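Working notes, beginning with the structure itself.
The values are calculated or read from the model by the stated rules, or taken from the named source; none is laboratory data. Keep in mind the model is a prediction, meaning the values are calculated, not measured. Cβ: placed from backbone, ideal geometry, glycine included. Neighbour counts: every protein chain shown. These accessible areas exclude ligands, DNA and RNA; they are computed on the full protein's heavy atoms, side chains included. Shrake-Rupley method; radii C 1.70, N 1.55, O 1.52, S 1.80 Å.
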Amino acid sequence: MPVELDKKDLAKYPFLKEAQKLVGESGYSIDSLIGKKSFIVKKGAERVEKAIKFDYNFDDVRLDMAEWEILSYAFARILISCLSERNLIGRLCRYESERASFFLQAEVPDKKNYIASVVGLNPDENRIPVIDYIGLCTALHDSKWRLINRDVGSGFVKIDKSEYDELIKERIRTMLEDQLPLKVGEEICVMLKSLTDELSAGYQEMLLEQFGEVDEDSFPPCMKAIINAVTEGTNIPHTARFSLTAFMHVIGMDSTQIVEVYTRAPDFDVEKTMYQVEHISGSGGTEYTPPSCPTMKTYGLCVNRDSYCKNISHPLSYYRARKKALKNSPAYNEEKPQSSQNKEENS
Ligand code: SF4
């Protein structure tokens with residue numbers, strides 16, 4: 001029986017062809033919206049900004065304004081295509097897949113199955129052909145997805161129903177990534193230049209903030225806990241190692257600095273660690289990002305939460321917020337002259 005999707009559903013899943021049709025019928029024109037510098041275009045820019053900052057808080061989504069949501073999705077894709085930077089495209093696709101997954105978690109089964117079917121999955125099946133499985137799970141880092149850890153037989157990999165959420169999210173991400181960049185006419189990119197310039201400047205600023213001096217004091221409690229576990233020689237799970245490594249990579253630590261953290265482990269193995277670090281840092285072509293707070297929670301890695309954790313949804317947001325706060329605190333600034341004095345003394 002065909003699934004009835006209402007406007008709210010289309011606002012939740014703007015990549016559906018039904019959503020595009022709704023906008024097509026609504027009389028909005030991309031050119032005139034750009035020309036008027038409409039708030040919908042700005043909403044598209046906000047979407048990109050949130051994606052760049054790994055801000056996966058979806059409380060402000062207006063399900064009652066489906067056309068706005070769908071058009072802002074379209075503009076986000078246009079803007080990112082004008083920027084045409086692979087890292088930014090990756091961030092937008094991850095943001096959109098997290099957004100869809102956020103709504104899918106509370107979705108009724110027939111609608112969830114419909115979205116899954118759009119991306120070529122069927123949650124009622126308890127197996128996937130091996131060939132499809134390999135393509136689907138390449139970028140999934142949890143060791144449970146490794147073929148060696150799966151129940152494989154007669155050319156199929158067994159899948160538990162509970163595992164489908166993650167697979168659907170990943171399939172949405174790769175599907176969106178395959179569609180970008182869009183072929184956007186130069187005249188449209190010129191019209192959007194002030195916004196793309198702002199987004200690009202915001203991205204550079206964020207990189208500088210993150211890539212400035214690495215400040216371990218600003219690490220979120222979850223990452224500090226993993227480092228403590230490494231230091232104490234605890235055998236940490238793959239998810240913890242992945243999360244910490246990806247976190248350190250994104251905040252701008254190079255492979256040598258990351259490996260240095262692992263040297264604190266009593267059973268440190270340089271070759272194995274270097275291989276894992278290089279892989280997670282993108283030597284295979286995929287740049288990995290650390291998991292969001294909800295995912296850290298499902299891994300059992302969200303521990304020792306403090307007051308900064310209240311308003312953030314990603315460990316990177318925690319790091320940025322705390323680093324900024326520490327930098328602005330009087331205690332930090334009092335230390336500054338002292339450290340430059342030390343430098344002079346040492347030179
Ligand atoms: S809320 Fe987020 S940043 Fe804070 S401990 Fe949990 S996972 Fe880490």
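List the trypsin sites (Lys or Arg not before Pro) within the stretch 253-315 that fall in a DSSP loop (any state other than H, G, I, E or B) and whose Cβ has at most 14 other Cβ atoms within 10 Å.
Passing both the DSSP loop test and the Cβ count: R264, R305.
Can you list residues whose amide H is under 5 Å from V157's amide H, if they're 5+ apart or on another chain and H is modeled 1.01 Å from N?
So V157 has HN proximity to I128, V130.
For the chain, what is the charge dipole size about the Cα centre, in debye to the nearest 20, if Lys and Arg each add +1 at the Cβ and Asp and Glu each add -1 at the Cβ?
About 520 debye.
I need the per residue convex hull volume for the stretch 7-204, using only the alpha carbons, in cubic angstrom as a whole number.
Spelled out: Cα convex hull of the stretch 7-204, divided by residues, is 124 Å³.
If you count only protein heavy atoms and use a 1.4 Å probe, how large is the accessible surface of R86, to the nearest 10 Å²?
130 Å²
What ranking of L326, L192 comes out by heavy-atom accessible area, probe 1.4 Å, highest first?
Of L326, L192, the descending order of accessible area is L326, L192.
Heavy atoms of the protein only, probe of 1.4 Å, neighbouring chains included. What is the accessible area of F102 in Å², nearest 10?
About 90 Å², ignoring ligands and nucleic acids.
Quick check for you: which residues of the stretch 264-282 have the amide N under 20 Å from the point 7 Å beyond the Cα of N228 toward its beta carbon?
Output list for this probe position: 264-267.
Net charge within 12 Å of R127 by Cβ-Cβ distance, Lys/Arg positive one each and Asp/Glu negative one each, not counting R127 itself?
-3
Could you compute how much accessible surface E260 exposes when probed at 1.4 Å, giving the result in Å² to the nearest 10?
The accessible area of E260 comes to roughly 110 Å².
Using a simple spin-label model with points 7 Å from Cα along the Cα→Cβ vector, what separation in nm is obtained for E163 and N87?
So the label points at E163 and N87 sit 3.3 nm apart.
Could you please state, rounded to a whole Å, how far the C-alpha centre of the stretch 147-200 is from the C-alpha centre of the stretch 1-69?
17 Å
Report, in deg cm²/dmol and to the nearest 500, the calculated mean residue ellipticity at 222 nm for the chain, where each DSSP H run with n ≥ 4 adds -39500 (n - 2.57) and the sum is divided by the residue count.
-18500 deg cm²/dmol
Using Cα springs under 10 Å in a Gaussian network model of the chain, which residue among S200, S29, S97 shows the largest mean-square fluctuation?
Result: S29 has the largest fluctuation of those listed.
Report Rg(Cα)/(2.2 N^0.38 Å) for the chain, keeping two decimals.
1.09
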